[in-house]
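Single-structure report; data block below.
Read-outs: derived from the displayed coordinates by stated rules, not from any lab. This one's a predicted model, so the numbers in the text were calculated from it and none came from an experiment. Reconstructed Cβ throughout: ideal geometry from the backbone, glycine too, with neighbour counts over all protein chains shown.
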Amino acid sequence: MKKLRYKRVIMVIVVFLLIVGIISYMYAKRSRYYEYQGTVTTYIGTYQQDEKIYTFDLKGFQIDEQYYLSLNDLYNWFVIQDEDAKVYVDYGKHTMVYQFNQEIYYIDFGRDEIKYNNDCINVNKNNQHIYVSHKNIYLSVSFIEKILLKSENNIKIENKNAIIS
């Protein structure tokens, strides 16, 4: 019968604990997104600028008295503000990139985070989420007004209309 060598046994235990630690870390940091399964309503978005009235469709829904609007559709409003605005969506990395006015916003719907100007806002801390439904990304109106519109514009939803003022 061979004698156990304690150095080998300790090395096996350390390697095993290291592998368990790596797997635990990867599990804790995994991306998971929230998919909305309910009905999505189409609102008519209106905006007035330079004596012109612009209209476009906005998809959205309501959860717990909080409205969520599609960032994919809200891109139409940003094009009115800045013709060079761009939006990229990478579903593999669970990220949507809004680029306009020399600012870049990273909306990480896999981790419920919005990153911009070396700042990171966790949407989940306010008991809200970034939802995905039919390849559209939905964010609450309060975060849209606060972050993307910089509290300069408001979105009022009345009946089937979304008025940006």
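Tabulated data
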item: Shape metrics for the range 1-60, restricted to C-alpha atoms - Rg then Dmax, Å; result: 29.4, 93
item: C-alpha long axis of helix 71-81 to longest principal axis of the chain, angle in °; result: 50 degrees
item: On Cα atoms only, tilt of 6-28 relative to the major axis of the chain in degrees; result: 10 degrees
item: Most positive-pole-ward Cα, I44, I10, Q66, against dipole of the range 1-69 from beta carbon charges; result: I10
item: Pairs from K86/K150; K93/K125; K135/K160; K52/K160; K29/K156 whose Cα-Cα separation, in the structure shown, is over 27 Å; result: K29/K156
item: Net dipole in debye of the range 1-103 [+1 Lys, Arg Cβ; -1 Asp, Glu Cβ; about Cα centre; nearest 20]; result: 2020 debye
item: Where GluC sites (Glu not before Pro) fall in DSSP loop in the range 95-165, at most 14 other Cβ within 10 Å; result: E152
item: Exposure rule at most 14 other beta-carbon atoms within 10 Å, DSSP loop trypsin sites (Lys or Arg not before Pro): the chain longest free segment; result: 33-92
item: Within the range 55-97, chymotrypsin sites (Phe, Trp or Tyr not before Pro) in DSSP loop having at most 14 other beta-carbon neighbours inside 10 Å; result: Y91
item: Percentage relative contact order, the range 35-165, counting C-alpha pairs under 8 Å, at least six apart; result: 23 percent
item: Aspartates and glutamates whose Cα lies under 17 Å from that of K115, excluding same-chain neighbours fewer than 8 positions away; result: D90, E103, E145
item: Surface/4 estimate of mean projected area, convex hull on alpha-carbon atoms of the range 16-102, nm²; result: 9.3 nm²
item: Beta bridges by DSSP in the chain, antiparallel share as percent, to the nearest 5; result: 85 percent
